[in-house]
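The values are calculated or read from the model by the stated rules, or taken from the named source; none is laboratory data. Given the structure is predicted, the values throughout are model-derived calculations rather than measurements. As a convention, Cβ positions derive from the backbone with ideal geometry for all residues, glycine included, and neighbour counts pool all protein chains shown.
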Amino acid sequence: MLKRIDNASNEKPTGFSRRTFLVTTAAAGGGLLLGVYLPRTIGAKAQIADAELAPNAFVRIKPDDTITLVMPQVEMGQGTYTSMSMLIAEELEVDLAKVSLEAAPASDKLYALPLLGFQVTGGSTSVMGFWEPLRRAGATARVMLIQAAAARWNVDPASCKAEKGEVISSVGDRLTYGALVEAAAKLPVPDKVALKDPKDFTLIGTPARRLDTPEKVNGKAKFGIDAMIPGMKFATVAACPVFGGKLKSVDDSKAMAIKGVRQVVKIDNAVAVVGDHMWAAMQGLGALDIEWDDGPHANVTTASIVEQMVRASQNDGVVARSDGDFAKAIQGVAKRIDAVYEVPFLAHAAMEPMNCTVHVTKDSCDIWVGIQVVARAQATAAQVTGLPPDKIQVHNHLLGGGFGRRLDVDGITQAVEIAKQVDGPLKVVWSREEDVQHDVYKPYFFDRITAGLDADGRPIAWHHRITGSSVFARWVPPTFKNGFDPDTVEGAKPPYDLPNFLLEYVRNEPPGLVTGNWRGVGPTHNVFVVESFIDELAAATKKDPVEFRRSMLGKSQRLLGVLNLAVEKAGWGRPLPEDVRRGVSVQFVMGTYLSQVAEVQVSKEGEVSVRRVVCAVDCGQIVNPDTIAAQIEGGIIFGLSAALWGEITLKNGRIEQHNFNDYRVLRINEAPQIEVHLVKNGEAPGGIGEPGTIGIAPAVANAIFAVTGKRIRKLPIKDQLRSA
Amino acid sequence: MPKLVINGQAQDLDVPDDMPLLWVLRDVIGLTGTKFGCGVALCGACTVHLDGRPIRSCITPVSNVVGKKITTIEAIGETESGAKIQQAWLNIEVVQCGYCQSGQIMSAVALLESNPNPTDAEIDTAMSGNICRCGTYPRIRAAIKQASQSA
């Protein structure tokens, strides 16, 4: 049982930034700094009260056997609190049921994701990034505890072992970790520790109960929106409905007359109403008479954005990859196929609407929120308040869905701007409509793609030109180099043997709209295009889509493995009703090999229903198998919502969708049966949060082609088959 | 000054009559287990029980529930069906982010109370008003089945 997830309280967290810490071991484990902080030097009594073993930023053990694991990664449903804990607990030799978890405070130094170099939870990277550092963090503490015990018993440390929170000697003497804390804390932190041989794992790879579940079924779990600070007021906000516009004027006389409304706060591009509760704030907002200065984007429409993109796509792009010689190879092909693919803007629509609670005083700022980038939250608050970062405390909470939305801190910037003008703590909550209309959107992409087949029907020339926004150019500018970023083009190189391959990128930013990370980022777009187009080639040569793929996967045994497993479990080739067919997709992105088979029904009226999805996954070393299955199931459903209906459109510079009525998402009666099959091996761990989302759209689109003969080249599928 | 009975406790409140129950629960009483998702009864995150029936608290004015028995996620485990559903949710590991799950559980308990052995189609119908963006639907189906079969 989870004792406590201390990410919600009103108390100050243990905050490493408020303690003195000394970095003793640099660059251990994938560039991560293992920091040791020393007890505060404010008197002997305080030192005793504070006695604990904390050899690094992830593990703290107290004399009373309290073991606290500090979670570098944020929990947004992906199960990372459990898998991160498993990595530490495996090496620390403690029972998962005996640990307390704590959300990491803001610190790019202590909690940077080794792969990206800053504090971030995203990109399906948590296990990949922390696989070694967290096991090392646990092992370091274990080694020190064993040393302390061996010294007490006057025996060789090698003769002792650690087990379930105790050190045990060769003759059966036992000491709990708590009893060893004081002695162990005085030992130097070892530079190098041996990690367990994977064959000796007792926890990693076993289905562990999720540590965050019990409090999520009884209403006790605290999300950012649940922060309750004494004396807190509530606010809701309207930002200019046109991106880039400003607040011109507001008449608040009617709003201020509403019982419970306390204040109307104006900032550059938005207005907020502060009240005693959300209801007062909502009513107050509705009663405002607001005049906006729409700014330069008042005439933007989806059509105007796409038109601009189509024009841009006619120019050469930056070459992101070139194998062989496409221009030459395409001359001599037996058959040439050209296509255009498009994917729409998408909102995230996480179930927890955007919110942020802030308390600004003249020399401090506290923030209660659920955010995927904790240190960036601190940085933006420092900028808005003018306070130094160490005066900003971010109390991170559970996230009611992230999906990439909470990789951006725009909501925190805005909340701090508002709270600066308010006395006391303020909870700012967006309405669902505000959440849908002020998102950072998954970019629209316009893709031109060409393939040339030889006389045997094999693709020997391939050209793909992607036109659209670069999210990373804004979000992590250093990754945008030589005209492209690695994410926008990830997954565009299919895993097949393609001797002459040319990939170009034309950057084209939509006016009046900010684009952001959305589950599966670049690959969600690219794998749809590539796996649909491969299906087009198979159809053009009258080959079975599975056979066609197999014939080109000679170099990737792991991909072939998941393809074969998925089609076998799906019963590929087995008869189906006339209006039901199967479609397949294959992908290798984010370090994980995956294949999906979707079984789709298309009625005479053009109604699409996804009945069953079978998915085979090879993500290398498995930490918590049930969580992997859950992530794939959920990822598929998230991807299905988008593939079937997801679409954000603009008119007069304004987003046309509002709420779940016109931004439709999958409901339980529309959810397919899903089967996930895991390949077990000891390869390096791959990512799992996003891969399920990525390959579902092409699998469904390919199945639709098999039923109807109509190729889906533009998402969402929506009513495309009805007009057919 | 509406008087409400929430999770067995009488509450004297100084709130406007038209204030939705959701905000009374969350912002006035501090029962934050009931969630805000859409504000217009489209997503089910705010589901609570009114005399045992599921209602969307985001559109229910507090004046409509005066004198009636309101049960929220914080107390649903005290009922037999509530405990069963919560246990099944744990057994099946339904939950991901968890934000919608209070509402899912309240709808599932109400289903089981009115129909102890629901079919798949009946589960889908009863639960179709509750959106989950994490996509826990297959496990919700399995957990309701399991709860309905447990003694």
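Does A:S100 count as over 17 Å from A:I371 (Cα atoms), crowded, with 24+ Cβ neighbours inside 10 Å, modelled with pLDDT of 70 or more and not aliphatic (A, V, I, L, M)?
Numbers: over 17 Å from A:I371 (Cα atoms): yes; crowded, with 24+ Cβ neighbours inside 10 Å: no; modelled with pLDDT of 70 or more: yes; not aliphatic (A, V, I, L, M): yes.
It is false that A:S100 is over 17 Å from A:I371 (Cα atoms), crowded, with 24+ Cβ neighbours inside 10 Å, modelled with pLDDT of 70 or more and not aliphatic (A, V, I, L, M).
Taking the options B:K3, B:K68, name whichever one is within 17 Å of the chain's Cα centre (by Cα), more than 8 Å from every other protein chain (Cβ to nearest Cβ) and modelled with pLDDT under 95. Being within 17 Å of the chain's Cα centre (by Cα), more than 8 Å from every other protein chain (Cβ to nearest Cβ) and modelled with pLDDT under 95 holds for just one of B:K3, B:K68, which is B:K68. Residues considered: A:V602, A:V589, A:V617. Of these, the only one that is crowded, with 24+ Cβ neighbours inside 10 Å and more than 16 Å from A:T524 (Cβ to Cβ) is A:V617. When B:G33 is tested against (1) within 7 Å of chain A (Cβ to nearest Cβ); (2) modelled with pLDDT under 95, exactly one condition is not met: (2).
Under 21 Å from A:T302 (Cβ atoms) and more than 14 Å from chain B (Cβ to nearest Cβ): which single residue out of A:G682, A:G709, A:G686, A:G653 fits that description? Full working, then the answer.
Numbers: A:G682 fails: under 21 Å from A:T302 (Cβ atoms); A:G709 fails: under 21 Å from A:T302 (Cβ atoms); A:G686 fails: under 21 Å from A:T302 (Cβ atoms).
Matching residue, one of A:G682, A:G709, A:G686, A:G653: A:G653.
For the stretch A:422-443, a residue qualifies if it is out of contact with any Ser or Thr (no Cβ under 8 Å at 6 or more places or on another chain), within 18 Å of B:I59 (Cβ to Cβ) and either surrounded by fewer than 22 Cβ atoms within 10 Å (Cβ to Cβ) or among the hydrophobic types (A, V, I, L, M, F, W, C) (or both), and exactly one does: A:E433.
Criterion applied to A:A89, A:A112 was being within 21 Å of A:T627 (Cα to Cα) and in contact (Cβ under 8 Å) with a residue 24 or more places away in the chain, and the one residue passing it is A:A89. What about A:V358, is it closer than 30 Å to A:D251 by Cβ and outside any loop (DSSP other than H, G, I, E, B)? Considered against the rule, which asks whether it is closer than 30 Å to A:D251 by Cβ and outside any loop (DSSP other than H, G, I, E, B), A:V358 comes out as yes. In the stretch A:374-398, the residues that are under 10 Å from A:D363 (Cα atoms) form Cβ pairs under 9 Å with partners that are basic (K, R) and assigned to a helix (DSSP H, G or I), at six or more places apart or across chains, as follows: A:T385/A:K391.
Right, A:A455: under 30 Å from A:A329 (Cα atoms), assigned by TED's automatic domain parsing to the domain that holds A:N526 and surrounded by 20 or more Cβ atoms within 10 Å (Cβ to Cβ) or not? Before you say what the answer is, go through the steps one by one.
Working: under 30 Å from A:A329 (Cα atoms): yes; assigned by TED's automatic domain parsing to the domain that holds A:N526: yes; surrounded by 20 or more Cβ atoms within 10 Å (Cβ to Cβ): no.
No.
Pairs under 8 Å by beta carbon, first residue at negative phi in the stretch A:429-448, partner part of a helix (DSSP H, G or I) and of a type in the set (D, E, K, R), six or more apart or different chains? Short answer, once both residue conditions are applied: A:H438/A:D410; A:D439/A:R405; A:V440/A:R405; A:V440/A:D410. Checking each residue in the stretch A:491-501 for being crowded, with 21+ Cβ neighbours inside 10 Å and within 17 Å of A:Y341 (Cα to Cα) picks out A:G491, A:A492, A:P494. Please work out if A:G172 is on the phi > 0 side of the Ramachandran plot and free of Cβ contacts under 8 Å to residues at least 24 places away in the same chain. Yes, satisfied.
What strands (runs of 3 or more DSSP E), lying completely within the stretch A:165-281, carry at least 3 residues that are among the hydrophobic types (A, V, I, L, M, F, W, C) and away from chain B (no Cβ under 13 Å)?
On the way: elements: A:166-168, A:174-176, A:233-239, A:246-251, A:261-267, A:270-275.
Qualifying strands (runs of 3 or more DSSP E): A:233-239, A:261-267, A:270-275.
Filtering the stretch A:690-699 for residues that are surrounded by fewer than 24 Cβ atoms within 10 Å (Cβ to Cβ) and of a type outside the set (D, E) leaves an empty set.
Yes or no, residue by residue, for (1) under 26 Å from B:G30 (Cα atoms); (2) of a type in the set (A, V, I, L, M, F, W, C); (3) buried (at least 16 other Cβ atoms within 10 Å of the Cβ); (4) touching a residue at least 40 places away in the same chain (Cβ under 8 Å):
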residue: A:K246; (1), (2), (3), (4): no, no, no, yes
residue: A:M278; (1), (2), (3), (4): yes, yes, yes, yes
residue: A:I305; (1), (2), (3), (4): no, yes, yes, yes
residue: A:G317; (1), (2), (3), (4): no, no, yes, yes
residue: A:D325; (1), (2), (3), (4): no, no, no, yes
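Looking only at the stretch A:390-411, residues that are crowded, with 24+ Cβ neighbours inside 10 Å and more than 18 Å from the chain's Cα centre (by Cα) come to 3 in all. Among the residues of the stretch A:48-102, those that are of a type in the set (D, E) and outside any strand (DSSP E or B) comprise A:D50, A:E52, A:D64, A:D65, A:E75, A:E90, A:E91, A:E93, A:D95. With respect to (1) touching a Leu at 6+ places or on another chain (Cβ under 7 Å); (2) buried (at least 22 other Cβ atoms within 10 Å of the Cβ); (3) polar (S, T, N, Q), the lone exception for A:T708 is condition (2).
When A:N299, A:N315 are checked against the criterion of being away from every other protein chain (no Cβ under 14 Å), touching a Gly at 6+ places or on another chain (Cβ under 8 Å), farther than 30 Å from A:G224 by Cβ and not in a helix (DSSP H, G or I), A:N299 stands alone in meeting it.
Residues to consider are A:V586, A:V567, A:V562, A:V546; find the one that is among the β-branched types (V, I, T) and part of a strand (DSSP E or B). Walk me through how you get there before you give the answer.
On the way: A:V567 fails: part of a strand (DSSP E or B); A:V562 fails: part of a strand (DSSP E or B); A:V546 fails: part of a strand (DSSP E or B).
One residue alone meets the criteria, A:V586.
Selection over the stretch B:91-106 of residues that are surrounded by fewer than 24 Cβ atoms within 10 Å (Cβ to Cβ) and more than 7 Å from every other protein chain (Cβ to nearest Cβ) gives a count of 2.
Inspection of the stretch A:216-224 finds a residue satisfying the criterion of being in contact with a Phe, Trp or Tyr (Cβ under 8 Å, 6 or more places away or on another chain) and free of Cβ contacts under 8 Å to residues at least 12 places away in the same chain.
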